1. For segment 33-56, which residues satisfy the criterion of being surrounded by fewer than 18 Cβ atoms within 10 Å (Cβ to Cβ) and within 14 Å of the chain's Cα centre (by Cα)?
2. Looking at segment 132-148, which of its residues are surrounded by 13 or more Cβ atoms within 10 Å (Cβ to Cβ) and either in contact (Cβ under 8 Å) with a residue 60 or more places away in the chain or of a type in the set (A, V, I, L, M, F, W, C) (or both)?
3. So the check is Cβ under 6 Å with 6+ separation or different chains; which pairs have a first residue in segment 110-131 that's under 17 Å from Gln149 (Cα atoms) and a second one that's of a type outside the set (A, V, I, L, M, F, W, C) and surrounded by fewer than 17 Cβ atoms within 10 Å (Cβ to Cβ)?
4. Take the residues of segment 77-91 that are of a type in the set (Lys, Arg) and surrounded by 13 or more Cβ atoms within 10 Å (Cβ to Cβ): which is farthest from the chain's Cα centre (by Cα)?
5. Would you confirm, using the coordinates I've provided, whether Leu93 is among the aliphatic types (A, V, I, L, M), free of Cβ contacts under 8 Å to residues at least 60 places away in the same chain and part of a helix (DSSP H, G or I)?
6. Checking the structure you have, find out if any residue of segment 60-70 is part of a strand (DSSP E or B) and surrounded by 15 or more Cβ atoms within 10 Å (Cβ to Cβ).
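The values are calculated or read from the model by the stated rules, or taken from the named source; none is laboratory data. Keep in mind it's a predicted model, so treat the numbers as computed, not measured. Cβ placement follows ideal geometry from the backbone for every residue including glycine, while neighbour counts extend to all protein chains displayed.
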Amino acid sequence: MLTATDIAWHMRLFAHGLGHQWITPNVTYYAWESDLLTVTREGFVCEVEIKVSRNDLRNDLLKPKHSRGILLNGAFPQKSEGVRPTPSEARELDRHARGEVACGRPNYFCFAMPCDVYRKPQPIALPPYAGVYTVDDEGRVFEEKRPIQLHGARIGADDLLDLARRIHHRYWNELRRAAQGANGQ
C-alpha cells in the first residue's frame, strides 16, 4: 500500500524527469500548505496535493481553495468574525489590502494518488482545473488528466528566494529536532 511519502517521492522523480527546477515538499507558500510545490523552467508553479484514500480526497475538496474559488479565480480567503487568519492567510490579506486583485496561487493544481483510489467505479467529481496523476505499486506515474492553467503569471526571483529561505529554515529546524531527539531532550 502506497503512503503519502511514497507518492511524494515518485511525484518528485516524475517532476524532475519533466525538467522542473524546484521541487519542494510540505511548504506553506500560499494561504495553505502544499504537499508538493514544483517550479518549471519557464517559472510556472505547480501544486500537487497527495491523497491516499477516497475519504482523504473528499475532505480536501471541502477546503476553501476549492470550495470558495481561491484556486479557480483567485478569490481572497475570508475568515468568520473573530477567527484569526493563519500567518499565510494574513500575508494574502495584506496583499489584498495593498491593491492586489487575486490571491497568490499556483499556475497549475493537481491531485496525486494511488491508481486504485482514482480508478474505482463511481468516480469522485473533481474540479475542472485539477489535473490527476496516479501512482502504481511499482512507482510508475500516470497522467490521468492534465491540469488547466489557472493564470499566466510566472514566479519572480524574490518569490523564489522566499521559497528557498523557507526550505533553508525548515532544513535547519529538522536538524535541530533530530539532534535534540538523539540527546534525549
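1. Glu33
2. If the condition is that a residue be surrounded by 13 or more Cβ atoms within 10 Å (Cβ to Cβ) and either in contact (Cβ under 8 Å) with a residue 60 or more places away in the chain or of a type in the set (A, V, I, L, M, F, W, C) (or both), then Val132, Tyr133, Val135, Gly139, Val141, Phe142, Pro147, Ile148 are the ones that fit.
3. From segment 110-131, the pairs are Gly131/Lys145; Gly131/Arg146.
4. Lys79
5. So Leu93 passes the test.
6. Within segment 60-70 (the criterion being part of a strand (DSSP E or B) and surrounded by 15 or more Cβ atoms within 10 Å (Cβ to Cβ)), the answer is no, since none of the residues qualifies.
Condition check ((1) under 14 Å from the mean Cα position of the chain (by Cα); (2) modelled with pLDDT under 90; (3) among the aromatic types (Phe, Trp, Tyr); (4) exposed (fewer than 13 other Cβ atoms within 10 Å of the Cβ)) across all residues:
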| site | (1), (2), (3), (4) |
| --- | --- |
| Arg58 | no, no, no, yes |
| Ala75 | no, yes, no, no |
| Arg98 | no, no, no, yes |
| Ile124 | no, no, no, no |
